[in-house]
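The next block holds one structure in the form of structure tokens; read it before the comments.
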Amino acid sequence: KQIILILIIGLSFNLAWAQSSGSRPWLLSTGAAAREAKRFTLQEWLENKDRRALMDMWLTINTPSPYEFVLGGSMFHYTADSTASGTTTSKTIDGYSGEISAYARFVGVTAEYTNNTNEGFNDVTGIFNLRIFGNTVQGSHITLHYGLRTRTASDNSYRLNQQFAAATLQLYLMKYFGIQGNYRKYLPYSEDHFGETEGNEINAGAFIEFGALRLFGDWYQEKQNSKLNGIESNLDRTGTKIGIKFYFE
């Protein structure tokens, strides 16, 4: 019993001295220390579980939503110059258009509607969007598009179903101010009224933002070239467009 008591006292003294001096007790070899460092304990698992739960909560609160929505409307004013058989006619046009877009991360879809009572037609457009640069639609980005525009005459004299490819560049020059440009190329389409028709469209301008609200102004040009029975006609619409957009998640 005396020997056991002496061993216990000596071991306790050795451990106490090692803890106070920072040295390794003679019973803890290098291998034992390594095994101790890798040892799984229920206490550490519970602590890590709570820590991971707090991190997941923080990420949920601070990670932006992958879904984005845009609702916009605009008014346009332009001059339409129509040339056929060497004769050019011009008239001033006013109208309005609206759009709604939905994005899931870098892909999205857009629906547009344009009512042009002065020229007697309306446009219904559906677009697929692919953002190749930028992490949000309300930020600097480059986006590619492919869509279909259906232009229908008010008197049903014609219906143009024009597919198009397009690209958008948006660049913030300052935190709440930037510039943007959009180019569309309408592919050839044939029907009885215009014959074979193709064209292009350019929008370029600037915008200013107040939180989720954007005010913008664009220069606008659309060119349409048609050929029917060997006779070529051209239509050039050039003017301005102003409007607002709302961004929300």
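The values are calculated or read from the model by the stated rules, or taken from the named source; none is laboratory data. The model shown is predicted, which means the values in this text are computed figures rather than measured ones. Just so you know, the surface numbers come from the protein's heavy atoms only, side chains and all, with ligands and any DNA or RNA stripped out. Shrake-Rupley method; radii C 1.70, N 1.55, O 1.52, S 1.80 Å.
Of note:
- The stretch between L169 and T79, if pulled fully straight at 0.36 nm per residue, gains 29.8 nm over its current Cα-Cα span.
- Against the criterion of solvent-accessible heavy-atom surface with a 1.4 angstrom probe, H77, H141 sort, most first, into H77, H141.
- A 1.4 Å probe run over region 123-234, with the rest of the protein chains in place, finds 52 Å² accessible per residue.
- Whole-percent carbon and sulfur share, accessible surface of region 119-249, 1.4 Å: 62
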